[in-house]
Amino acid sequence: MTAYRTIVVGTDGSDSSYVAVEKAAALAGVSDATLVIACAYYPTDDRDVAAAADVLKEEAYQVRGSAPTNEILRTARDKAVAAGAKNIVERAVVGEPVESLLTLTKDVDADLLVVGNRGLNTLTGRLLGSVPSDVARKSRSDVLIVHTTR
């Protein structure tokens, strides 16, 4: 088996997604691979943000436009460096997570896509799909689903 050259990892700023970043970073470090840290977001206006915050409560960080995305990527970079990654690229991508990650993986010619397992074994995930199950099903590259929640 050849070493991975380019690894894409998705993060949404949650603690569990940072576990996936750390695993991907450790793998990138030992493989001397480029680590592309991605965060998908939707641009929003202030009214949309307020309405979403009321509904989503602690999950509202996922819909607040690009400003928090930059902070999420900065935090993920710090964690990746600490875990051993040397060559790190940050990418904020507009759109929903699954298609954004798959498109980015293709665009950077990544040979591994890393995501956390959050949502994989939930009722909502079973009914509506989840990021890990959808990318595993649709990706043309290898996919590593990291156990970030149990």
**OP:** Check whether at least one residue in segment 50-69 is at pLDDT 95 or above, closer than 25 Å to D109 by Cα, among the hydroxyl-bearing types (S, T, Y) and surrounded by 14 or more Cβ atoms within 10 Å (Cβ to Cβ), and report yes or no.
**Re:** no
Original post:
For segment 118-148, how many residues are modelled with pLDDT of 85 or more, open to solvent by 80 Å² or more (accessible area, probe 1.4 Å) and part of a helix (DSSP H, G or I)?
Top reply: 2
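The values are calculated or read from the model by the stated rules, or taken from the named source; none is laboratory data. In this text the structure is predicted, and so the values were computed from the model without any measurement. Here the Cβ is made from the backbone with ideal geometry for all residues, glycine too, and neighbour counts use every protein chain on show. The accessibility values were calculated without ligands, DNA or RNA, using every heavy atom of the protein model including side chains. Shrake-Rupley method; radii C 1.70, N 1.55, O 1.52, S 1.80 Å.
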